[in-house]
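Asks: Could you have a look at this structure, given as structure tokens, before my questions?
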């Protein structure tokens, strides 16, 4: 058999699934490849977290505790459940209550409504899998988190962009689009409204308090033949540097049947542990757990116990404060550098975010920022600075994508690196004006 | 908005995706629920690993090393890549060579052909996602790993059972089925042949060396319009207690374009870390990484570094030996108890496995073992012992499922618990004869 002549014959072609074709080649792959191939480039593109704030001491303390005795050590090295460790889900009920400015009793959340996932990305993916058939519709902000656009594409769903302003997605525009769809007989395809509630990636904007309540109301009013869910991605919620703390969209869902809340420890603690979590409307819980069971039987029990121990040891809040202090300085560095280097370029504007990792910058209308643009080439090759082209962050047709935007991240670089990167980027912009 | 009257109105129905409907309610859920509701029951059903062998000391040593200094500590707490840490993939090339009885040079495997996943289950799921459209076919042994039947169902694929004997899946039967499909014009639906090569779950049988080579040859010969892949699930490979060590099916794929090899540390080290791995034919690598990127951006980098360190510290092989020594005693206990309690029941037969976690037992033809059977009720309720009904492990129509088989696991119980469980089970069987 080993000498079979067919071994040397050319391979028969691979036929992938429809879903694999839909999933092909996300822009993030191109960006990561650029970063690998050009290590000397100052990346204002990467949404990675600040290395210097990663919690080595906290992780050490938690692991020492969970592996201290043999009995407990074996427990944490054994399989967990698909839904995730009850100990961490319990701690998260208290944590969420704290973020909502309520006592756990007032909030009354059952830990059985929570699920633990591989970062919040897995929860976003699971939601898409259990809700969206090919051709189904998810309404998203314009701009929105570009990786999620890939997740939607990967299940063959359609993303429809809704206009935004300085308070986030416009609720009048959302309602108008839903009415239009209803008139066109297309409301039965709408399953989901996706909202990044705090310090949105890429715009840095938070959805205003009134719009949070309105989003739930609109989803309920247009839930006619079937329910329309709101998927609230609150990944950046805890990276708040100033400005008011706002209750989540989820807190406005008093019946608890409309909003899926997705959060993560990847930004506030450690992405290397891959622990995300969510609160799930009761009727979605079993389908999501069934699907997760199919995909991996549950996330790493060991890592869930590390996080639970960090909470129990009272080290989480202090760590988040440290992280925010570091990012606040970086955000201020980026805004100062924007003033310094871009302040006198006519037609350049940017958002001043109160949290998160991104500054969203608009260039004069005729300056395109895409991978093939003169600016991107000038920035990446000559000036050696990288950004995320804003057009990646838009759903819809070519005409619906603003071509003159850039997403600039202050997450990874030092304040000095941010300043240098912004200086180079401004030079690149001037060179193509 | 908060006073919206619709909050108290009955909820609008949820409309799940087709895929969610396909994924619904796996048998494993029923079994786990039974276990939770009846904690006093002796479970010979659970495929969990032996708690007492979990590597607390080894995990401590590895974590101490990776978190020893701040620099390295931050690296392991940062995002990894979607494909997984190169350091672990490198160690795995050596490890696989060792399992194949070759030097790494002889084997010549590129670590870039490997991917790290959340246990091997995620790899099985990813393969189904990127290869199988609804209605596509995967050929499986009869019996086979029942969780994988759920994974196939979850993407709407069809599993077709192939006859097995004491050497595993019959290659003449596999070839005959493929010919039948070709004649019927259905070969274009066949994408995958799934084989659990060592100490199969549930049968305990290993595929013979000749059949390993034949499986690759058959897959290649029937790859006409498109490639048919062999998915080799070698999850139990390292749990070998006696008998010969065999090169994998993958080792017979000299062109490296036909076999996907899936392995895991969940059985040999710790399931709580959720680290599985695979070797992927070149043309599937990008689609699988793209899909994994969509699903979770990559598995926990921290856990991958723990495993890499366990290898580097030279503690892996010794741990596997310890695990095998413990399971060998348990297997012998179960076989001795089978002789003792079932030896004189006419028509009862069982397989004597050389590794893995399972003894596959056949009862007289008329004794059904399913959840609704008199035996299952008598066992679970009266005798308080649990097993996995064999019929769950068959693809195909009702008539193709043998109703008189039981999967008995010796993984979790102590030798005394195994003996007691087998005694109870024999009493239950006698009571329904």
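Asks: In whole percent, what relative contact order does chain B give with Cα contacts below 8 Å and a gap of six or more residues? Can you show the working numbers first?
Replies: Numbers: 760 pairs, mean separation 98.9, N = 433.
The value is 23 percent.
Asks: For the range A:127-146 and the range B:63-139, what is the centre-to-centre distance using only Cα atoms, to the nearest Å?
Replies: The range A:127-146 and the range B:63-139 have Cα centres spaced 30 Å from each other.
Asks: At residue B:344, with labels set 7 Å past Cα in the Cβ direction, how many nm apart are the copies from this one, shortest first?
Replies: Copy-to-copy label distances for residue B:344: 10.4 nm.
Asks: Please list, short to long, the whole-number percent of alpha-carbon pairs of the range B:142-255 in consecutive 5 angstrom bins beginning at zero.
Replies: Binned Cα distances yield the sequence 2, 11, 22, 24, 21, 13, 4, 2, 0.
Asks: Would you work out if the protein assembly as shown is rounded, prolate or oblate? Take a ≥ b ≥ c from the square roots of the eigenvalues of the alpha-carbon gyration tensor; rounded if a/c is under 1.5, else prolate when a/b is larger than b/c, oblate otherwise.
Replies: prolate
Asks: Go ahead and set up a Gaussian network model of chain A, Cα springs under 10 Å, then flag whichever of A:259, A:155, A:76 fluctuates most.
Replies: A:76
Asks: Wrap a convex hull around the Cα atoms of the range A:56-314, take a quarter of its surface area, and give that in square nanometres.
Replies: Working: hull surface 54.6 nm².
With the hull built on Cα positions only, its mean projection is 13.6 nm².
Asks: In square nanometres, what is the average projected area of the Cα convex hull of the range A:250-335?
Replies: Convex hull of Cα atoms, orientation-averaged projection: 8.0 nm².
Asks: Once the Cα gyration tensor of the range A:34-110 is diagonalised, what are the square roots of 5 times its eigenvalues, in whole Å and ordered largest first, as equivalent ellipsoid semi-axes?
Replies: Values: eigenvalues 218, 107, 36 Å².
They are 33, 23, 13 Å, listed from largest to smallest.
Asks: Once the label point is set 7 Å along the Cα-to-beta-carbon vector, what list of distances in nm do you get between residue B:18 and its counterparts in the other copies?
Replies: Those separations, rounded to one decimal, come out as 0.5 nm.
Asks: Post the alpha-carbon centroid distance, the range A:330-378 to the range B:369-433, in whole angstrom.
Replies: The range A:330-378 and the range B:369-433 have Cα centres separated by 66 Å.
Asks: Of the candidates A:235, A:64, A:184, which one comes out as most mobile in a Gaussian network treatment of chain A with C-alpha springs shorter than 10 Å?
Replies: A:184
Asks: Shifting gears a bit: How much mean residue ellipticity at 222 nm does chain B get from its helices, if each DSSP H run of length 4 or more adds -39500 (n - 2.57) and you divide by all residues, to the nearest 500 deg cm²/dmol? Provide the component values of the computation, followed by the final result.
Replies: Details: 15 runs with 179 residues, N = 433.
-13000 deg cm²/dmol, from helical runs alone.
Asks: Would you work out if chain A is rounded, prolate or oblate? Take a ≥ b ≥ c from the square roots of the eigenvalues of the alpha-carbon gyration tensor; rounded if a/c is under 1.5, else prolate when a/b is larger than b/c, oblate otherwise.
Replies: Numbers: a/c = 1.21, a/b = 1.18, b/c = 1.02.
Verdict is rounded for chain A.
Asks: In a GNM of chain B with a 10 Å cut-off on Cα contacts, which of B:164, B:382, B:264 has the highest mean-square fluctuation?
Replies: In this elastic network of chain B, the residue with the biggest mean-square fluctuation among B:164, B:382, B:264 is B:382.
Asks: Tell me the label-point distance for the pair residue B:340, residue A:183, using the 7 Å Cα-to-Cβ offset, in nm and rounded to one decimal.
Replies: Result for the modelled spin labels: 8.0 nm.
Asks: Can I ask one more? Where the label is 7 Å out from Cα toward Cβ, how close does residue B:398 come to the same position in every other copy, in nm, shortest first?
Replies: In nanometres, ordered from closest: 5.8.
Any read-out appearing in this document is the output of simple, stated calculations on the displayed coordinates, not a laboratory observation. Note that the structure is a prediction, hence the values are computed from the model and not measured. Methodologically, a virtual Cβ is constructed for each residue, glycine included, from the backbone with ideal geometry; neighbour enumeration extends over all protein chains shown.
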